[in-house]
Amino acid sequence: MLDKYNRNINYLRISVTDRCNFRCVYCMPEEGVPLMKHEDILNFDEIFEIAQTAVGLGIEKIRITGGEPLVRRNIIELISRIAKIPGLKDFGMTTNGVYLSKYAQELFDAGLQRVNISLDTMNPEKFNKITRVGNIDEVLKGIEAAKNAGLNPIKINCVIEKSENETDAVEVAKYCKENGLQIRYIREMDLEKGYFWQVKGGEGGACNICNRLRLTSDGKIRPCLFSDLEYDVRKLGAEKAILLAIGEKPERGTINNTNKFNNIGG
Ligand code: SF4
């Protein structure tokens, strides 16, 4: 569907949880953030119904995000249901990779096509410092499992401060080249200050061609990451919430005072 700026809105990012096994310094404080109540989180039937309605309205690409989507129990069941929606052309997930060595084959068999995996450094100490709890070996094993399972393409999301020439980014790029992976550079963003840049190697942050909507794990359709606009699916119904979000999608992002990255899925 076209929005009022003639952008074709055909991409829905679905956050299935605000929980995560990491505490990345640029995403949340060490102590974590207050989590949503269980009853506020959409159940699989609700998420499936919204995804089905969205595809019926012209959405062709769906990405599953979090928090960390692989911490959501029985996630394979949801993947399998969404993958079967007629008209869905592109089905991916963004993950920190830790649970991929456990789930990659099941995800692929359930119909997931591709994954984006977060990796900001190849240095184990720095990795642990950035994620506050992470072990880089688990992520590297997860990437291997994703390759072996046939998930393709595998893209690496590398968060940078300012430039892809930063030492860590250069090392991650070298690793990607050696392993046939695509790298994307994401400059650290600030929702409240409205700091964001176009993703290098991707389309995120390019407002003039923006094609995306987001579904938060508590059922809000958001037309823009850097805006406070949201439409409650549980109150309005999926179709009306999606149509309102497309109709009111801002020309460009400004600031977002209501979300944290862990509950909107970046
Ligand atoms: S800031 Fe908003 S309009 Fe711009 S690219 Fe991001 S989601 Fe799209």
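The values are calculated or read from the model by the stated rules, or taken from the named source; none is laboratory data. Just so we're clear, the structure is a prediction, and the values are computed from it rather than from any experiment. Positions of Cβ are backbone-derived with ideal geometry, glycine not excepted, and every protein chain shown enters the neighbour counts. Protein only, heavy atoms only, side chains kept; ligands, DNA and RNA dropped before computing areas. Shrake-Rupley method; radii C 1.70, N 1.55, O 1.52, S 1.80 Å.
Values as computed for the structure displayed
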item: Share, in percent, of DSSP beta bridges within the chain that are antiparallel, nearest 5; result: 20 percent
item: Inter-probe distance in nm under a simple model that places probes 7 Å from Cα toward Cβ, at GLN105 and ILE255; result: 5.0 nm
item: Cysteines, the chain, no other Cys beta-carbon under 4.7 Å; result: CYS20, CYS158, CYS176, CYS207, CYS210, CYS224
item: 0 to 90° range, to nearest 10: angle between helix 238-247 axis and the chain longest Cα axis; result: 80 degrees
item: Contour minus Cα-Cα distance for LEU236 and LYS162 (0.36 nm per residue); result: 22.6 nm
item: Modelled FRET efficiency - R0 22 Å, HIS38 with ARG132, Cβ distances, 0.05 increments; result: 0.35
item: Nearest 10 degrees, 0 to 90: helix 100-110 Cα axis against the chain principal axis; result: 40 degrees
item: Packing rank of 109-115, 96-102, 126-132, 206-212, where each peptide gets the mean count of other beta carbons within 10 Å, highest leading; result: 96-102, 109-115, 126-132, 206-212
item: Set LYS155/LYS220; LYS141/LYS174; LYS235/LYS260; LYS84/LYS260; LYS61/LYS220; LYS61/LYS155 screened for pairs whose C-alpha atoms are more than 20 Å apart; result: LYS155/LYS220; LYS235/LYS260; LYS84/LYS260
item: Degrees separating the helix 136-149 axis from the principal Cα axis of the chain, which is the longest one; result: 60 degrees
item: Student exercise, the chain dipole from Lys, Arg, Asp, Glu Cβ charges, in Debye to nearest 20; result: 460 debye
item: Where only alpha carbons of the chain are counted, the Rg and the Dmax (Å); result: 17.4, 49
item: Solvent-accessible area, 1.4 Å probe, carbon plus sulfur percent, for region 11-264; result: 49 percent
item: Probe 1.4 Å, protein heavy atoms only - accessible area per residue of the chain in square angstrom; result: 46 Å²
item: For peptides 174-187, 4-17, sequence by mean Cβ density within 10 Å, most packed first; result: 4-17, 174-187
item: Positive-end extreme of charge dipole, the chain - chosen from THR254, LEU88, TRP197 (charges on Cβ); result: LEU88
item: Estimated 222 nm signal from helices in the chain, with DSSP H stretches of n ≥ 4 weighted -39500 (n - 2.57), rounded to 500; result: -9000 deg cm²/dmol
